[in-house]
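> What follows is a single structure, and I will ask about it in a moment.
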Amino acid sequence: MNCKNCGDLLIAESDFCHGCGGKIIRNRLTIRNLLAHVGEQFFNVDNTFFKTFSHLITKPEEVIGGYIAGVRKRYINPISYFAIALTLAGIQIFIVRKFFPEAMDLSAMAMKGQEEFQNNWFKLVQEYQSIFVMFYIPIYAIISRLVFIDKKKYNYTEHLVIFLYYTGQLSIMMFIPVMILFALGSDYGSISPFAIVLQIFFAAFYLKRMYVLSFAGIALRTFIFLMLMMAVFIGFAVLGVLLAVVGGLTPEEIQQLPNRMVN
């Protein structure tokens, strides 16, 4: 009998292949052993996902720093972890649209007269969430690298790894709490301030642990990070308006632009 994973000849009565380490499956697939396999993969104590998730909360420098240093088997790699987060985010959006559509109304937090534009823009972001998130990560990494320009510990690509893990962890960690809040009647507008605070805290926490900084040191660099981030997004907003004006769009057409892109 040969291994179904790598093709090596198996030793009789072995439970694992000596070549690739894969578990030897002798039973035909049934609902029972399928569920058992899923449970084994996602809920046992030694599971890579569970270990990655928990350690990204308690000791992110071990997960991220280990991957950067070449430890690639102990935890889920950043691309795969980010992909899991995007999948959960897509499920969350589907559930919200299906069962809690009122949670997507941001009129209460919009400037007077800008309610429709705010809601249209939010719908656009939700529609292309994966693209927006993938766009943010390299920007976060650039700004982070600039903030730590005086330290040579991590290069730009390594900052990308930091923020892939960071973004994935936030999305996965917030999935269940956010769904509970929606079920209790909350909306994105009421949750957003808390989500922003959590994002800032986690970014500061991760970078503090990665660079081994004091509280004062990370507080200063977090402030610089936020100022640069604000400047970047203001710059993109101004550039977008200028391109729309050059393209001959009227103020009313600019207001409707997000809605057009969604539809």
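> So which residues in the stretch 161-195 are surrounded by 16 or more Cβ atoms within 10 Å (Cβ to Cβ) and among the β-branched types (Val, Ile, Thr), if there are any at all?
Residues satisfying the conditions are VAL161, ILE162, THR167, ILE172, VAL178, ILE191.
> Determine the pairs where a residue that is more than 13 Å from SER130 (Cβ to Cβ) and outside any helix (DSSP H, G or I), located within the stretch 79-108, has a partner that is among the small types (Gly, Ala, Ser) and at pLDDT below 80 with Cβ atoms under 6 Å apart, the partner being 6 or more residues away or on another chain.
LEU106/GLY189
> Next question. How many of the residues making up the stretch 158-193 are without any contact (Cβ under 8 Å) to a residue 12 or more places away in the chain and under 25 Å from PRO60 (Cα atoms)?
The qualifying residues number 3.
> Now, a different point. Can you list residue pairs whose Cβ atoms sit under 6 Å apart, with the first residue in the stretch 226-248 being exposed (fewer than 10 other Cβ atoms within 10 Å of the Cβ) and modelled with pLDDT of 70 or more and the second being of a type outside the set (Ser, Thr, Tyr) and not in a helix (DSSP H, G or I)? Count only pairs 6 or more apart in sequence or on different chains.
Listed by first residue and then by second, the contacts come to nothing, as the list is empty.
> Still on this structure, please answer the following. Cβ contacts < 9 Å: first residue buried (at least 19 other Cβ atoms within 10 Å of the Cβ), restricted to the stretch 196-215; second residue not in a helix (DSSP H, G or I), any location; separation 6+ or different chain. Result?
The qualifying pairs are LEU207/PHE148; LEU207/LEU213; LYS208/SER214; MET210/LYS153; MET210/TYR154.
Each row is one residue, and each column tells you yes or no for (1) of a type in the set (D, E, K, R); (2) modelled with pLDDT of 65 or more; (3) in contact with a Cys (Cβ under 6 Å, 6 or more places away or on another chain).
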position: ILE93; (1), (2), (3): no, yes, no
position: VAL96; (1), (2), (3): no, yes, no
position: LEU106; (1), (2), (3): no, no, no
position: GLU115; (1), (2), (3): yes, no, no
position: ILE143; (1), (2), (3): no, yes, no
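The values are calculated or read from the model by the stated rules, or taken from the named source; none is laboratory data. Since the model is a prediction, treat every value here as computed from it, not as a measurement. Reconstructed Cβ throughout: ideal geometry from the backbone, glycine too, with neighbour counts over all protein chains shown.
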